[in-house]
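Reading through the structure tokens given below for one structure.
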Amino acid sequence: QVQLGESGGGLVQAGGSLRLSCAASGRTFKTYNMGWFRQAPGKEREFVAAVSKSAGSTYYADSVKGRFTISRDNAKNTVYLQINSLKPEDTAVYYCAAGRGYMLRHEGYDYWGQGTQVTVSS
């Protein structure tokens, strides 16, 4: 089993940056694909970015390409999401997830963190 904990969220102005971190417990972190999802009030949870277990492949939602960068450090059991050029529409709770299934959909993930709030003011 994997336990995940996100950090790094906060309130920032449009155009600003944040780096979200997700720390995982256990010795099996490197065997899981990792993803970031977000959920805004009144909206469904949506895919943001994913990185394969070996970090050989990354995937992004069209809405964040060029602004967000996902990375992982298997030695530290941590996955990161660097968020640049923030927009008000990026406001959401951001969740990290671990799984071995299809990486672009939430059904491909078995373990979820509690989420971290990102709020972007205009």
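Reported count of residues in the stretch 34-54, each being open to solvent by less than 50 Å² (accessible area, probe 1.4 Å), in a loop (DSSP other than H, G, I, E, B) and more than 14 Å from Tyr95 (Cβ to Cβ), is 1. Cβ separations smaller than 7 Å between residues 6+ apart or across chains give the following pairs from the stretch 56-70 residues that are farther than 17 Å from Arg105 by Cα to residues that are part of a loop (DSSP other than H, G, I, E, B) and of a type outside the set (A, V, I, L, M, F, W, C): Arg67/Asn84; Arg67/Ser85. All conditions in (1) surrounded by 13 or more Cβ atoms within 10 Å (Cβ to Cβ); (2) modelled with pLDDT of 95 or more; (3) not hydrophobic (A, V, I, L, M, F, W, C) hold for Ser17, with the sole exception of (1).
Please give the number of the condition Thr31 fails out of (1) surrounded by fewer than 18 Cβ atoms within 10 Å (Cβ to Cβ); (2) over 17 Å from Gly101 (Cβ atoms); (3) β-branched (Val, Ile, Thr). Exception for Thr31: condition (2). Go through (1) open to solvent by 20 Å² or more (accessible area, probe 1.4 Å); (2) over 13 Å from Asn33 (Cβ atoms); (3) modelled with pLDDT of 95 or more for Ser122 and report which single condition fails. Only one criterion is unmet by Ser122, namely (3). When the test is whether a residue is out of contact with any Phe, Trp or Tyr (no Cβ under 7 Å at 6 or more places or on another chain), among the hydroxyl-bearing types (Ser, Thr, Tyr) and modelled with pLDDT under 95, Ser85 does not pass it.
Looking at the stretch 71-89, which of its residues are within 18 Å of Leu104 (Cα to Cα) and either free of Cβ contacts under 8 Å to residues at least 60 places away in the same chain or more than 14 Å from the chain's Cα centre (by Cα) (or both)? Answer for the stretch 71-89, where residues must be within 18 Å of Leu104 (Cα to Cα) and either free of Cβ contacts under 8 Å to residues at least 60 places away in the same chain or more than 14 Å from the chain's Cα centre (by Cα) (or both): Ser71, Arg72, Val79. Close Cβ contacts (under 9 Å, 6 or more residues apart or on different chains) running from residues in the stretch 14-30 that are over 20 Å from Lys53 (Cα atoms) to residues that are modelled with pLDDT under 95 comprise Ala14/Ser122.
The values are calculated or read from the model by the stated rules, or taken from the named source; none is laboratory data. Since this is a predicted model, take the numbers as computed values, not measurements. Positions of Cβ are generated from backbone atoms using ideal geometry, with glycine treated the same way; all protein chains shown enter the neighbour counts. Ligands, DNA and RNA are stripped out before the accessible areas are found, and what is left, the full protein with its side chains, is counted by its heavy atoms. Shrake-Rupley method; radii C 1.70, N 1.55, O 1.52, S 1.80 Å.
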